[in-house]
Amino acid sequence: MIRRPPRSTPLYSSAASDVYKRQVLRDVRETSEAMQEVQRALRQRKQVEDRFPADSVAEWEAKLDDVASKAAGGEWVVAAEALREITASLRTHETELSEVRELMRFVDTEWKTLRKRLDSSGVGPGDADRMAAEKAVSEAASALEQGDVQLCHKALGAAGEALETLGRRT
């Protein structure tokens with residue numbers, strides 16, 4: 001014997017209709033949330049732009065302009081995804097910058113301490129190794145000032161080697 005659903009149970013077509021309605025509501029909610037997220041970010045555009053790395057402002061502005069363009073075209077979900085990518089990249093850059101600043105402070109402190117030891121050991125400012133160390137620390141500081149994380153890391157590596165060489169002499 002074939003069992004039939006009770007009369008109070010909706011028909012199969014009604015169940016499919018409910019699934020469709022839930023999907024439409026989910027899409028509307030997603031679009032609405034994306035629209036709010038993008039509009040909020042675009043209203044705060046100046047704060048977002050202030051976070052851009054100094055050495056690649058034009059590239060970051062183009063990405064943000066692309067988000068604004070997609071939003072103007074009603075592509076809110078796509079714009080929100082692009083905005084999240086920008087935000088994640090900025091967060092990564094800011095973390096790297098914070099780490100390199102910490103390294104720079106460490107190297108700078110070490111250099112100041114080593115300079116005092118060098119002076120007391122008779123290794124003067126005209127010494128070739130000392131000048132190389134001074135140059136490497138200066139280049140690292142300059143790269144950090146410009147926001148160039150990779151160049152700063154490279155210069156800090158050179159500074160570390162130079163400080164190690166000088167440290168062996170004292």
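The values are calculated or read from the model by the stated rules, or taken from the named source; none is laboratory data. These numbers were taken from a predicted model, which means no experiment stands behind them. Virtual Cβ from ideal backbone geometry, glycine too; neighbours counted across all protein chains shown. Heavy atoms of the whole protein, side chains included, go into the accessibility calculation; ligands, DNA and RNA do not. Shrake-Rupley method; radii C 1.70, N 1.55, O 1.52, S 1.80 Å.
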What number, rounded to the nearest 500 deg cm²/dmol, is the helix-based mean residue ellipticity at 222 nm of the chain, given -39500 (n - 2.57) per DSSP H run of at least four residues and division by all its residues?
-29000 deg cm²/dmol
For the chain, longest principal axis from Cα atoms; helix 12-43 axis from its Cα atoms; angle between them, nearest 10 degrees, is 30 degrees
Hydrodynamic radius (Kirkwood) for the stretch 27-170, which is based on Cα pairs only, to one decimal in Å:
17.9 Å
Calculate, in nm to one decimal, what Ser98 and Val78 gain on full extension: separation in residues at 0.36 nm each, minus their alpha carbon distance.
4.2 nm
Helix axis angle, 128-146 relative to the chain longest principal axis, alpha carbon, degrees
30 degrees
What is the distance, in nm, between label points placed 7 Å from the Cα along the Cα-to-Cβ direction at Arg40 and at Arg105?
3.1 nm
Report, in degrees rounded to the nearest 10, the 0 to 90 angle that the Cα long axis of helix 76-121 makes with the longest principal axis of the chain.
20 degrees
Compare Gln150, Gln39, Gln47 in a GNM of the chain, Cα atoms joined below 10 Å, and give the one with the largest fluctuation.
Gln47
Just the accessible area per residue of the stretch 81-165, please: how many Å² with a 1.4 Å probe?
60 Å²
Working only with C-alpha atoms, what are the Rg and Dmax values of the stretch 112-153, expressed in angstrom?
12.4, 36
May I ask you to order 48-57, 81-90, 131-140, 15-24 by the average number of other C-beta atoms within 10 Å around their residues, highest value first?
131-140, 81-90, 48-57, 15-24
What is the spin-label model distance, in nm, from Ala88 to Thr31 if the labels are put 7 Å beyond Cα along the C-beta direction?
2.5 nm
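Using a 1.4 Å probe on the protein heavy atoms, what percent of the accessible area of the stretch 44-121 belongs to carbon and sulfur?
Working: 2310 of 4810 Å².
Heavy-atom surface of the stretch 44-121 belonging to carbon and sulfur, 1.4 Å probe: 48 percent.
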Proximal lysine pairs, the chain, alpha carbons under 21 Å, eight or more residues apart or interchain
6
May I ask which residue of Thr170, Leu97, Leu83 lies farthest towards the positive end of the charge dipole of the chain, with charges of +1 (Lys, Arg) and -1 (Asp, Glu) on Cβ and the Cα centre as origin?
Leu83
Percentage relative contact order, the chain, counting C-alpha pairs under 8 Å, at least six apart
20 percent
